[in-house]
1. Here are labelled values, (i) 54, 38, 29; (ii) 56, 31, 26; (iii) 43, 39, 36, and one is the computed Cα extents along the principal axes in Å for what I pasted. Which one?
2. With runs of 4+ DSSP H residues as the only contributors, calculate the mean residue ellipticity of the chain at 222 nm using -39,500 (n - 2.57) per run, divided by the residue total and rounded to the nearest 500.
3. Please compute the per residue accessible area over the chain with all protein chains in place, 1.4 Å probe, rounded to a whole number of Å².
4. Could you calculate the FRET efficiency of Asp176 with Thr38 from 1/(1 + (r/R0)^6), where r is the beta carbon distance between them and R0 is 22 Å, rounded to 0.05?
5. Are there GluC sites (Glu not before Pro) in segment 1-101 that DSSP puts in a loop and that have at most 14 other Cβ atoms within 10 Å, and which ones?
6. Antiparallel versus total DSSP beta bridges in the chain: what percent is that, nearest 5?
7. Chymotrypsin sites (Phe, Trp or Tyr not before Pro) within segment 35-66: which are DSSP loop residues with at most 12 other Cβ atoms inside 10 Å?
8. Between Glu88 and Gln126, what's the calculated FRET efficiency when r is the beta-carbon distance and R0 is 25 Å? Round to 0.05.
Amino acid sequence: MATRVMLFDLGGVLADLGDPVAAMELDMESDAFWRTWTRSPSVRAFETGRMSETDFFEAIARELGYRGRVPFERAFARWVLRPFPGIEAFVRQRERGRQLALLSNTNPIHWRQVTAATTVFDTFRQTFLSFETGLFKPDPDAFLQVIEHFGCRPADIRFLDDVQANVDAARALGIDAHRYCAR
C-alpha cells in the first residue's frame, strides 16, 4: 500500500535549531549542551506540558550552569528556531496526495517562534506537539497516537526525523521511518 501519511519532525528537519550555546552565551561545548538538553528531566517535563515556563527556566539554567548577565528567560529567548529556507517546497514535494502531519518534541516558546515565521503548518492535517499531547519521542505511545489518529497501518506512514533513536522507535512499530538532517 502507498504511504498515506507524511509525518515530519520539526527541529533539524523543517526548522533550524541554530546554535543554542552561542545564542544563550553558555559556557560549554555544543556536544555537552545537547547531552544535557536531551537527558534533562526538566526539558522533558516542560516539553510534555508538566512544568511551567518559570519552573523550567529556573531548573534548566541550573542544569546548564548558566551564569550570564541577563535573566535566563531573556537568554533562552535568543535561541530562536527558524524554518529552513525552502520549507514550503520541501513539504510540497513530499505531500503528493498524502496527509501531512508533524510529530515533535517541542515547547510552546519554540512552537510560537516557528509558526510566526511560516504558514506551512496550516496545510498540515494534524500536529502532534509534545507539550500538548504529553507524549515524547522515542516513547512508542507518541507514534501509536499518530497511528490511531489516522486509523491506518504503521507502514502507511512515512516519517522523517533527525534523531536516530526516534527513527529506530518508529521502525520498531512498523513505520517507514528515515533519518533526515536538513543541515
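1. Identified label for the calculated read-out: (ii).
2. Here the helix-only value at 222 nm equals -12000 deg cm²/dmol.
3. 50 Å²
4. Working: r = 24 Å, r/R0 = 1.11.
My answer for the efficiency is 0.35.
5. Qualifying residues, ordered by number: Glu25, Glu29.
6. Just about 10 percent of them are antiparallel.
7. Sites meeting the loop and neighbour criteria: none at all.
8. Efficiency, rounded to the nearest 0.05: 0.85.
The values are calculated or read from the model by the stated rules, or taken from the named source; none is laboratory data. Computed from a predicted model, the values in this text were never measured in an experiment. Here Cβ is always computed from backbone atoms with ideal geometry, including for glycine, and neighbour counts include all displayed protein chains. SASA here: full protein model, heavy atoms, side chains in, ligands and nucleic acids out. Shrake-Rupley method; radii C 1.70, N 1.55, O 1.52, S 1.80 Å.
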